[in-house]
Every structure is written in structure tokens, then in C-alpha cells.
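Participant: Below is a structure I'd like to ask you about.
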Amino acid sequence: MKQIFKITIVALTLSFVVSSSVKAQTEKRYIFNLASAIEKEFNDYLTAGFELEGEICPEPSTKTVMFKPVVEFSPIQYLSFEAEYRFKAENEEGESAWQRRFGIAAKGKYAFNHLKLSTRLKYCLYSDDYDEDTKEQYFRTRFQAQYKIKPIKLTPYISYEWFYNIPRGLVDRDRWTFGVEKKLNKRNTLGFEYQCEERFNRTNAKRTKLKNDIAENTFPITYKFEL
């Protein structure tokens, strides 16, 4: 499992260098996110819960609500599997739409004292009422490192994730996340994050490449309750 540590450190370093390279003209967006989650650990193997999120983006004017049930099965200490189904209602510039996302993931994790390293490979299938015939599919790969500061019950973390568009055969998104979780007591946790997501290699409905990229700067605040 020490190999996971080496792979994660190398991957995070290389990802930072690549994502910092010069890209096309970028349109910046700022998103504010409030989320709540309820989670229940039934035994050492099975955990289930759901998440409710609300987002506001001032420009372009967008309001979003998302609901996501999640189930996770962990057969051994270093490996787990997850399934989710997310419902998303969005209103952008007065136009409303629904989107659904089904996801399955495999996670690998390794803890060394207070340091925890993890990696995740996730498959996502998106469908929406803009175009029912066209369904987006992605493989998403994420590397994360977190460190638990036990005296003050604080856990800072950093992760990097890239999105491989299966039908197009290329990577068209990546995301850096910097966050911290504060354990308030046995059942309650409060989290703060900053996410920077770059969308590149973009096309329109006719598959014509667009010149501008999009950089989404998201500021989530999350409250989690453990049953």
C-alpha cells in the first residue's frame, strides 16, 4: 500500500503542472453552494445516506437544486464500492431543466498515522430533458490527500480530478479541491471547500470546437449529520 502514497503524490504534482499550463481564453464563473448530508453506518461494510444541495451563480444567472442518495460497500479495509443517483433541477436565465446522473465508483485508500491517501475511479452517465437521445458518459479519476489534526478535530484535504469524456475520447474537464472539515461532536461535521474546475475542449450542439474555456470557482459549505 506504500505504492499508493507514491502514486498519489506524483499524480497531484504532475496534475498541478499540467493544469497550470497556458490555455485558451477563459470565462470565469463564481458559484456559491450550500449542502447538507445525512449518513448512516449500518456495520463495518455498509454505509448509506443522501445529500441535498443548493447553488447560486450570479453570472450567468443560475439557480440549482440537487438531491443524491448514496450507498457504499466496503468489503476490505483498503477498498470500497459506491453507487449514487443524482437528481438536478436547474434554472438558467429563466429556462428550467432537469438532469439525472447515475454513478458507480471504486475507491482505494491507505492511512499512515494521521495521513490518509485515496484514489477513486468513477463512471457517470448523464441524461437531461434538453436532448434525451444524447447521454454524456464520463470516467472520472480522483486523487486525494488529507491529514487529521486530532487535538482540534480538524481535517484539511486536497484533491485533483480529471473527467474523461467517453464518447469524444478525450479529457475535457479537471477540478482542484481544497477543503477542511471540522468535527463539531460525535454526530455533526461542518465542511468548507474551494473548488476550481476548468472546462476545455468544449463543443456546441453541432460538435464544433468552441474557442473559450470556462473556469468555475465554487465555494461549498456542507453540514453532515451521522445517524
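Participant: What are the residues in the stretch 94-107 that are of a type in the set (Gly, Ala, Ser) and more than 16 Å from the chain's Cα centre (by Cα), if any?
Facilitator: If the condition is that a residue be of a type in the set (Gly, Ala, Ser) and more than 16 Å from the chain's Cα centre (by Cα), then Gly94, Ser96, Ala97 are the ones that fit.
Participant: Okay, next question. Which members of the stretch 192-201 meet the condition of being open to solvent by 40 Å² or more (accessible area, probe 1.4 Å) and among the hydrophobic types (A, V, I, L, M, F, W, C)?
Facilitator: Phe192
Participant: Moving to a separate point now. Give the residue, chosen from Lys40, Lys63, that is open to solvent by 50 Å² or more (accessible area, probe 1.4 Å), farther than 21 Å from Arg100 by Cβ and in a strand (DSSP E or B).
Facilitator: Matching residue, one of Lys40, Lys63: Lys40.
Participant: Can you name the number of the only condition in (1) open to solvent by 60 Å² or more (accessible area, probe 1.4 Å); (2) over 20 Å from Glu193 (Cα atoms); (3) free of Cβ contacts under 8 Å to residues at least 60 places away in the same chain that Glu27 fails?
Facilitator: (3)
Participant: Let me ask something else about it. Which condition number does Ala145 fail, the rest of (1) surrounded by fewer than 17 Cβ atoms within 10 Å (Cβ to Cβ); (2) touching a Leu at 6+ places or on another chain (Cβ under 8 Å); (3) among the small types (Gly, Ala, Ser) being met?
Facilitator: Every condition holds for Ala145 apart from (1).
Participant: Then there's this: Can you name the residue in the stretch 158-191 that is among the basic types (Lys, Arg) and open to solvent by 40 Å² or more (accessible area, probe 1.4 Å) and is also farthest from the chain's Cα centre (by Cα) among such residues?
Facilitator: Ranking the qualifying residues of the stretch 158-191, first place goes to Lys186.
The values are calculated or read from the model by the stated rules, or taken from the named source; none is laboratory data. These figures come from a predicted structure and were not determined experimentally. Neighbour counts are summed over all protein chains in view; Cβ atoms, including those assigned to glycine, are modelled from backbone coordinates with ideal geometry. Note: areas computed on protein heavy atoms with side chains; ligands, DNA, RNA excluded. Shrake-Rupley method; radii C 1.70, N 1.55, O 1.52, S 1.80 Å.
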